[in-house]
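Note sheet for the following structure.
The values are calculated or read from the model by the stated rules, or taken from the named source; none is laboratory data. Owing to the predicted nature of the structure, the values given are computational and were not obtained by experimental measurement. Here the Cβ positions follow ideal geometry from the backbone for every residue, glycine too, while neighbour counts run over all protein chains shown.
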Ligand code: TLP
């Protein structure tokens with residue numbers, strides 16, 4: 001449960017971005033040594049960048065403002081204007097980042113569909129442009145892990161390796177939008193560094209399930225991060241005493257990763273309940289981490305009606321389409337909150 005400014009308690013299932021910082025994070029913010037990070041003098045940011053890079057098995061890291069900025073900076077640093085970017089057809093970077101890669105990077109996207117978020121390597125190979133003066137040059141391959149709109153699905157180390165190998169045949173780098181990469185690592189039971197070993201860059205978020213208030217990290221080679229740093233500056237992302245926001249991100253890495261398993265368990269419990277209710281369609285294969293997507297196929301109700309009925313019971317959910325909606329679990333939703341939500345769903349839909 002969370003408590004709003006009006007003192008009312010509610011269950012928040014709209015996104016894991018709603019997680020509030022922990023007490024340890026608040027303390028870390030107050031105590032963080034800071035300096036001017038644009039001058040490279042903030043020790044807390046430097047510590048976070050080194051920690052994050054090491055955790056993902058990469059040489060260097062760059063602390064940025066958001067997942068959107070992390071993805072944009074990464075594709076800018078991998079490409080030249082006029083090139084093509086390969087992405088999965090439902091990728092966040094393609095649908096929900098205002099097409100920044102096109103507007104700011106001068107890139108054109110070549111989306112590749114997939115069943116569960118990780119395209120078949122042969123389909124990626126087929127999407128790479130042949131060397132021909134009519135064609136744009138393929139500049140980067142991107143992959144989302146976990147894949148948000150496929151339902152928080154995981155790409156395995158083998159799948160990533162196979163896609164990276166296709167890129168390597170033609171020297172095309174692989175960028176992973178790993179906004180929720182630790183959810184994938186925990187769900188797959190692998191080390192996050194192992195999981196992304198073959199990727200040239202990874203972007204991940206501190207302010208989703210890891211519960212820090214703000215920030216993302218881009219990791220890759222030293223040389224890539226030097227280029228990324230220039231792109232961050234031109235996008236207005238050069239921050240000064242950013243140690244105050246890097247400090248809770250350090251706490252997130254140290255204390256909040258392993259507990260993601262709890263969010264996966266609560267999501268499964270919620271999905272199992274939904275699966276039993278009339279007019280609800282849910283592909284349980286997609287319920288792998290903390291995101292649940294399902295369809296509402298009923299004559300008496302659209303998703304918007306379900307959202308309203310839940311809101312009356314102090315449960316916050318969101319729907320963007322009339323028949324499809326998402327629920328997301330996180331550290332501020334307890335097992336007890338999930339039981340309350342399951343009961344509410346049974347009352348509304350049963
Ligand atoms: N996702 C948000 C919304 O934008 C939909 C959410 O609530 O899930 N990559 C992926 C896979 C994401 O899910 C998101 C945010 C981002 C990138 C962008 O991160 P931010 O919001 O920090 O710019």
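Only residues that are out of contact with any strand residue (DSSP E or B) (no Cβ under 6 Å at 6 or more places or on another chain), assigned to a loop (DSSP other than H, G, I, E, B) and more than 16 Å from the ligand (Cβ to nearest atom) were counted across the range 158-196, and they come to 5.
Between 109, 126, 118, 102, which is at pLDDT 95 or above, in contact with a strand residue (DSSP E or B) (Cβ under 7 Å, 6 or more places away or on another chain) and in a helix (DSSP H, G or I)? I'd like the intermediate steps shown before the answer.
Numbers: 109 fails: in a helix (DSSP H, G or I); 126 fails: in contact with a strand residue (DSSP E or B) (Cβ under 7 Å, 6 or more places away or on another chain); 118 fails: in a helix (DSSP H, G or I).
The match here is 102.
Restricted to the range 55-97, and to residues that are assigned to a loop (DSSP other than H, G, I, E, B), touching a helix residue (DSSP H, G or I) at 6+ places or on another chain (Cβ under 7 Å) and more than 9 Å from the ligand (Cβ to nearest atom), which residue is nearest to residue 112 (Cα to Cα)?
Within the range 55-97, the subset assigned to a loop (DSSP other than H, G, I, E, B) is 56-59, 65-66, 79-83, 89-91, 96-97.
Imposing the further condition that a residue be touching a helix residue (DSSP H, G or I) at 6+ places or on another chain (Cβ under 7 Å) reduces the set to 56-57, 59, 97.
From the residues that got through so far, the ones that are more than 9 Å from the ligand (Cβ to nearest atom) too are 56-57, 59.
Working: 56: 26, 57: 28, 59: 30 Å.
This residue is 56.
Taking first residues from the range 160-177 that are within 22 Å of residue 217 (Cα to Cα) and assigned by TED's automatic domain parsing to the domain that holds residue 131 and partners that are in a strand (DSSP E or B) and at pLDDT below 95, no Cβ contact under 8 Å between residues at least 6 apart in sequence or on separate chains turns up.
Yes/no matrix, rows are residues, columns are (1) at positive phi; (2) in the same structural domain as residue 249 (by TED's automatic domain parsing); (3) under 25 Å from the mean Cα position of the chain (by Cα); (4) not in a strand (DSSP E or B):
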| site | (1), (2), (3), (4) |
| --- | --- |
| 7 | yes, no, no, yes |
| 28 | no, yes, yes, yes |
| 34 | no, yes, no, yes |
| 41 | no, yes, no, yes |
| 47 | no, yes, yes, yes |
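Determine whether the range 227-249 contains at least one residue that is within 15 Å of the ligand (Cβ to nearest atom), assigned by TED's automatic domain parsing to the domain that holds residue 38, under 16 Å from the mean Cα position of the chain (by Cα) and surrounded by 24 or more Cβ atoms within 10 Å (Cβ to Cβ). The answer is yes, given that some residue of the range 227-249 is within 15 Å of the ligand (Cβ to nearest atom), assigned by TED's automatic domain parsing to the domain that holds residue 38, under 16 Å from the mean Cα position of the chain (by Cα) and surrounded by 24 or more Cβ atoms within 10 Å (Cβ to Cβ). In the range 329-341, of all residues being touching a strand residue (DSSP E or B) at 6+ places or on another chain (Cβ under 9 Å) and closer than 16 Å to residue 206 by Cα, the one that is farthest from the ligand (Cβ to nearest atom) corresponds to 332.
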